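Step one of this worksheet: look at the structure below.
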Amino acid sequence: MTRFDLFLASGALLLLAPDGAQAAPDLGAQIVTQGAPSGTPPCAACHGPQLHGVAALKTPAIAGLSADYILARLAHYASPEGHNAQMKQVGMSLTPAEKQAVAAYVATMKR
């Protein structure tokens with residue numbers, strides 16, 4: 001293998017490796033659409049595929065809400081004041097990094 005081949009291979013690896021700014025939205029998108037590794041269900045299961053809410057389930061639209069607001073709501077549901085059983089489980093089972101990723105991703109979605 002020549003130096004040029006090594007250079008090309010290392011460049012390809014750099015292109016494939018996500019940086020921190022890309023990793024969080026990717027993780028957020030995964031959790032929103034597929035759920036978390038901990039078994040947390042996907043947000044889209046209750047809030048709809050575009051997170052615009054589902055009237056039949058009485059779930060609100062959350063797409064486009066600020067990341068700070070999403071984080072505050074997740075913290076509320078995980079606290080003793082949170083009385084929604086489904087959201088309590090979500091708020092308690094997601095890791096801080098997963099919550100950040102979900103909040104960042106949801107904030108980028110169109111209302």
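The values are calculated or read from the model by the stated rules, or taken from the named source; none is laboratory data. Here the structure is a predicted model, which means the values were calculated and not measured. Note that each Cβ is placed from the backbone with ideal geometry, even for glycine, and that neighbours are counted across all protein chains shown.
Some notes on this structure:
- Within region 24-40, considering residues that are of a type in the set (A, V, I, L, M) and closer than 13 Å to Y105 by Cα, the one surrounded by the fewest Cβ atoms within 10 Å (Cβ to Cβ): A29
- Criterion applied to L57, L74 was being within 18 Å of G28 (Cβ to Cβ), at pLDDT 95 or above and touching a helix residue (DSSP H, G or I) at 6+ places or on another chain (Cβ under 7 Å), and the one residue passing it is L74.
- Failed criterion for K99 (all others in (1) surrounded by 17 or more Cβ atoms within 10 Å (Cβ to Cβ); (2) in contact (Cβ under 8 Å) with a residue 60 or more places away in the chain; (3) among the charged types (D, E, K, R) hold): (2)
- Any hit, region 41-55, residues being surrounded by fewer than 17 Cβ atoms within 10 Å (Cβ to Cβ) and over 21 Å from R111 (Cβ atoms): yes
- Residues within region 53-101 that are part of a loop (DSSP other than H, G, I, E, B), more than 12 Å from the chain's Cα centre (by Cα) and small (G, A, S), tallied: 6
- All conditions but one from (1) in contact with a Leu (Cβ under 7 Å, 6 or more places away or on another chain); (2) aliphatic (A, V, I, L, M); (3) under 15 Å from A36 (Cβ atoms) apply to A107; the one that does not is (3).
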